[in-house]
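Asks: This structure is in structure tokens; I'll ask about it shortly.
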2 protein chains.
Amino acid sequence: MSAPTVTALFRDQKFDALLVTKPENVRYLTGFTGSNGWLLVFPDGAITLYTDPRYTVQSAVQCTCQVVIAKGMLSEAIQEDLKRLKIRRVGFEAEHLTVGRYESFSDFKLKPAKVLIETLRMVKTDDEITKIRASVITNSKALEAALKRFKTGMTETELAAEIDYHSRKFGADGPAFDTIVAVGPNSAQPHARPGKTKINAGILLIDMGAFEAGYASDMTRMVHVGPPTTLYKKGYAAVLESQLAAIDAIKPGVTAGRVDQITRAVLKRHNLDKEFIHSTGHGLGLEIHEPPRLGRKDPTKLEPGMVITVEPGIYQEGWGGIRIEDTVLVTATGCEILTPTSKELRQTG
Amino acid sequence: MSAPTVTALFRDQKFDALLVTKPENVRYLTGFTGSNGWLLVFPDGAITLYTDPRYTVQSAVQCTCQVVIAKGMLSEAIQEDLKRLKIRRVGFEAEHLTVGRYESFSDFKLKPAKVLIETLRMVKTDDEITKIRASVITNSKALEAALKRFKTGMTETELAAEIDYHSRKFGADGPAFDTIVAVGPNSAQPHARPGKTKINAGILLIDMGAFEAGYASDMTRMVHVGPPTTLYKKGYAAVLESQLAAIDAIKPGVTAGRVDQITRAVLKRHNLDKEFIHSTGHGLGLEIHEPPRLGRKDPTKLEPGMVITVEPGIYQEGWGGIRIEDTVLVTATGCEILTPTSKELRQTG
């Protein structure tokens, strides 16, 4: 993180320090990964981390910024420093700080920051892209290793456990979200939770992501257990066509909302647009969901260095769902699909 | 969840509906486990869940309350209903709702709720205790299964992966927190993250928990790889004495703060109190950390049905740490240690 980037947070703002409370933003600016850490960021780029005695060693190892080990509440230690520095106007993250914590800063003029750290985070540095690439590769390797262990009759939970185990073995810190393994009608829920249902035949939807060195990957793949029906094959072809059309359109200057329109238009031609009940994708990085949102209303123009998912899907209650998802890097001339796993119609069992 | 309990939330309060935004509280009151769900709770015990189209099927399966599937922001749908119902005074969870979301309710008098759902949740129902017991058993089984696979030279990350894998295989939804496997000096960090350090000899600290059917377990055990030193044996005995003294004191009417004083007093007799840099324990349930906090200042009186951890520890930078932790149920006459894993000095490798 270079000072000019932090300086951007203070442009046209009426505060003399920025309070950062969201853990991913704390990590982004300082490298600190503990569960209890808040920052004060100053206009000259200086940063002070406030944490508690559990993290004395860890903060010394991870951070080059100034560190204050607070004995009590972080907000109390921060207020003491603000008083000492005679700073009264403090910016804050209105979408993260709770009302209760906000009110504990009653002596200060807390003002919502207009330029958010999430905005800076949308365009990834080379180092971040390297980490995301590693996470994506681990994720794809974990899928193949888990599918090798797959046997008909295994439960959704058991296959999810295999996925998470191999992901960790290949280098992940852990899953980036609860791994989705959904068979048959269970796959009609976009955020299905794996359960005790046995995987015997039919649709199998796997949506999985890893966190590696803090960075997320995200992929959805379909496997058909036994021979697929014509209905499934048609649905799969339509979702894949929709996904590829969106990827084809991704380049700098195109809006996130436009990419969403493209997936919907393709599915509409197949009379499947009403079955597409979520947005086309999302940014990812230190969080599994971060800006931009590839949804109807997002006017964000894509820029080189953004990393997004492209994941159209169709869902029919009682039958099942089909979703295909890659992690994609926006480049200077278009985009690069980071996910190496094949999207050909896949059958097993 | 019975109506009288919800009614307690409205006692001495000046609002006509309570907005619930914290996911664990949403789950507690309705059973809904989706990532996007807010509630309105009414004084007569009626509840309405607001969620989005991704959760149409799931909310129908999980909830018996009224469900509104919102097309846009949940806060907009909620405000429409409040206007329709002519309700203007609305309670909210000040420690969860962000300032940004709070401000979107500008037409309403949002008032912080004084009686929090977390307070109701401190005393567990029989059904919750059954789930916590299952989670604790899974957690202990996973430790033994992972240690069977342990070989000298394995990395911290690899052993953590074995723990999480077996936990899932035995029925967990996933880890309740990032599993801690810390060897040698790494164990001096109470919240160490497993890394690529090989486990060859010396102190090995394992802090692990499962979520099963939504409920947490939490346990820390020490294993010494190779013959333990006299220093280690003395430290282990002191921490164990401190932990057992605290457990011995737990019964209804004793304050959480008093239990914390007891662990500290024992460690002080061993001249180790300055190395104990966190609180003695915490409640657990739908969250891994929930009230009460077994810390110096917590005046909460223990009641039958509370489930807490007891986990004193000592930490020496450069040398390592020793922590022993059980999950404990407060009973009518004292307490029951739910964790079945032995606390005898353990050696491997």
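Asks: Using θ = phi - 60° and the Karplus form 6.51 cos²θ - 1.76 cosθ + 1.60, what ³J(HN,Hα) does each residue of segment A:282-292 get, whole Hz, x for Gly and Pro?
Replies: Result, rounded to whole Hz: 7, x, 8, x, 5, 10, 6, 10, 8, x, x.
Asks: For B:Lys124, go through the lysines and keep the ones whose alpha-carbon is under 17 Å away, minus same-chain ones fewer than eight residues off.
Replies: Once the sequence-local lysines are set aside, what remains near B:Lys124 is B:Lys251, B:Lys301.
Asks: Quick one: ranking B:Asp126, B:Asp326, A:Asp81 by accessible area, 1.4 Å probe, largest first, what do you get?
Replies: Numbers: B:Asp126 125, B:Asp326 0, A:Asp81 25 Å².
Of B:Asp126, B:Asp326, A:Asp81, the descending order of accessible area is B:Asp126, A:Asp81, B:Asp326.
Asks: Still on this structure: List the residues, sorted by chain then number, that are 5 or more residues from B:Met306 or on another chain and whose placed amide H is less than 5 Å from its amide H.
Replies: Sorted by chain and number, the residues that satisfy this are B:Lys124, B:Val330.
Asks: Moving on. Return the tail of the calculated pair distribution for segment A:71-117, meaning the percent of Cα-Cα pairs more than 14 Å apart. Kindly include the intermediate steps, with their values, before the conclusion.
Replies: On the way: 549 of 1081 pairs.
Result: 51 percent of Cα pairs exceed 14 Å.
Asks: For A:Lys233, which inter-copy label distances result when the label point lies 7 Å beyond Cα on the Cα-to-Cβ vector, reported in nm to one decimal and in ascending order?
Replies: So the label point of A:Lys233 gives 7.3 nm to the other copies.
Asks: On to the next question. Rounded to the nearest 500, what is the protein assembly as shown's calculated 222 nm mean residue ellipticity when only DSSP H runs of at least 4 contribute -39500 (n - 2.57) each, over all residues? Mind showing how you got there, number by number?
Replies: On the way: 20 runs with 230 residues, N = 698.
After summing the helix terms and dividing by the residues of the protein assembly as shown, the value is -10000 deg cm²/dmol.
Asks: With a 10 Å cut-off between alpha carbons and a GNM built on chain B, which of B:Glu80, B:Glu275, B:Glu336 moves the most?
Replies: Judging by the Gaussian network model, the answer is B:Glu80.
Asks: For segment A:60-133, which chymotrypsin sites (Phe, Trp or Tyr not before Pro) pass both filters: DSSP loop (anything but H, G, I, E, B) and at most 10 other C-beta atoms within 10 Å? Walk me through the numbers before you get to the answer.
Replies: Working: sites: A:Phe92, A:Tyr102, A:Phe105, A:Phe108; in loops: A:Phe105, A:Phe108.
Answer in residue order: no site qualifies.
Asks: If you average 1/r over every pair of different alpha-carbon atoms in segment A:3-121 and take one over that average, what Kirkwood value in Å do you get? Please list the in-between numbers first.
Replies: Values: mean 1/r = 0.0703 Å⁻¹.
Here the Kirkwood hydrodynamic radius works out to 14.2 Å.
Asks: Among B:Ile250, B:Ile47, B:Ile322, which one moves the most in a GNM of chain B with springs linking Cα atoms closer than 10 Å?
Replies: Residue with maximal mean-square fluctuation among B:Ile250, B:Ile47, B:Ile322: B:Ile47.
Asks: Also, quick follow-up: How big is the Cα convex hull of segment A:31-190 in projection, averaged over all directions, in nm²? Write out the running numbers ahead of the final one.
Replies: Values: hull surface 53.5 nm².
Seen from a random direction, the Cα hull of segment A:31-190 projects 13.4 nm² on average.
Asks: Compute the accessible area per residue over chain B, keeping the other protein chains in place, probe 1.4 Å, unit Å². Provide the component values of the computation, followed by the final result.
Replies: Details: 14570 Å² over 349 residues.
Counting only protein heavy atoms, the per-residue value for chain B is 42 Å².
Asks: Please report, to two decimal places, log10 I(q)/I(0) for the protein assembly as shown at q = 0.07, 0.09, 0.11 Å⁻¹ as given by the Debye formula with identical point scatterers on the Cα atoms and no solvent.
Replies: -0.50, -0.86, -1.35
Asks: Based on Cα positions only, what radius of gyration and what Dmax would you give for segment B:117-224, in angstroms?
Replies: 14.7, 47
Asks: Between A:Asp12 and A:Thr125, what length in nm is gained on full extension when 0.36 nm per residue of separation is reduced by their alpha carbon distance?
Replies: On the way: separation 113, 0.36 × 113 = 40.68 nm, distance 2.46 nm.
Working it through step by step, the gained length comes to 38.2 nm.
Asks: Identify all lysines with a Cα-Cα distance to B:Lys83 below 22 Å; exclude those on the same chain that are fewer than 8 residues away in sequence.
Replies: Excluding near neighbours in sequence, the set is B:Lys14, B:Lys71, B:Lys109, B:Lys111.
Asks: Another one. Mind listing the label-point distances from B:Asn200 to the same position on all other copies, shortest first, one decimal in nm, points 7 Å along Cα→Cβ?
Replies: Relative to the other copies, B:Asn200 has label-point distances of 5.3 nm.
Asks: Identify the residue of chain B whose Cβ lies closest to the rotation axis that maps chain B onto chain A, and give that distance in whole Å.
Replies: B:Tyr165, 2
Asks: By the gyration tensor of its Cα atoms, with a ≥ b ≥ c the square roots of the eigenvalues, what is the shape of segment A:140-198: rounded for a/c under 1.5, prolate for a/b over b/c, or oblate? Before the final figure, lay out the partial values.
Replies: On the way: a/c = 2.34, a/b = 1.41, b/c = 1.66.
Oblate is the answer for segment A:140-198, as a/c is 1.5 or above yet b/c matches or exceeds a/b.
Asks: With a cut-off of at most 16 other beta carbons within 10 Å, and DSSP calling the residue loop, which trypsin sites (Lys or Arg not before Pro) in segment A:23-109 qualify? Please list them.
Replies: Answer by residue number: A:Lys71, A:Lys86, A:Arg88.
Asks: How far apart are the A:Lys148 label points across copies, placing each 7 Å from Cα toward Cβ, in nm, shortest first?
Replies: When each copy's label point is compared with this one, the spacings are 2.3 nm.
Asks: Right, something else. Whole-Hz Karplus ³J(HN,Hα) for segment B:51-58, in order, using 6.51 cos²θ - 1.76 cosθ + 1.60 and θ = phi - 60°, x for Gly and Pro?
Replies: Residue by residue, segment B:51-58 yields 9, 10, x, 4, 10, 4, 5, 4 Hz.
Asks: Just check segment A:126-348 against the gyration tensor rule for me: Cα atoms, a ≥ b ≥ c as the square roots of the eigenvalues, rounded for a/c under 1.5, and otherwise prolate or oblate depending on whether a/b exceeds b/c.
Replies: Values: a/c = 2.00, a/b = 1.17, b/c = 1.71.
It is oblate, given that a/c is not under 1.5 and a/b is not larger than b/c.
Asks: Along segment B:151-165, what does the Karplus equation 6.51 cos²θ - 1.76 cosθ + 1.60 (θ = phi - 60°) give for ³J(HN,Hα), rounded to whole Hz, x for Gly and Pro?
Replies: 10, 3, x, 5, 7, 4, 4, 5, 5, 4, 5, 4, 4, 5, 5
Asks: Also, quick follow-up: Once you've got the GNM for chain B with C-alpha springs shorter than 10 Å, pick whichever of B:Thr220, B:Thr125, B:Thr339 has the biggest mean-square fluctuation.
Replies: Looking only at B:Thr220, B:Thr125, B:Thr339, the biggest GNM fluctuation is shown by B:Thr125.
Asks: If amide H atoms are built 1.01 Å from N in the plane of the peptide, which residues on other chains or at least 5 residues away come under 5 Å of the amide H of A:Gly174?
Replies: When sequence neighbours closer than 5 places are left aside, the close amide H contacts are A:Phe211.
Asks: Using a 1.4 Å probe and counting only protein heavy atoms, arrange A:Glu158, B:Glu311 so the residue with the most accessible area comes first. Kindly include the intermediate steps, with their values, before the conclusion.
Replies: Working: A:Glu158 70, B:Glu311 20 Å².
Correct descending sequence by accessible area is A:Glu158, B:Glu311.
Asks: Amide H neighbours of B:Val67 under 5 Å, counting only residues 5+ apart in sequence or on other chains, H built in-plane at 1.01 Å?
Replies: Excluding prolines and chain starts, which carry no amide H, the hits are B:Leu49.
The values are calculated or read from the model by the stated rules, or taken from the named source; none is laboratory data. The model shown is predicted, which means the values in this text are computed figures rather than measured ones. Positions of Cβ are generated from backbone atoms using ideal geometry, with glycine treated the same way; all protein chains shown enter the neighbour counts. Only protein heavy atoms, including side chains, enter the accessible area calculation; ligands, DNA and RNA are left aside. Shrake-Rupley method; radii C 1.70, N 1.55, O 1.52, S 1.80 Å.
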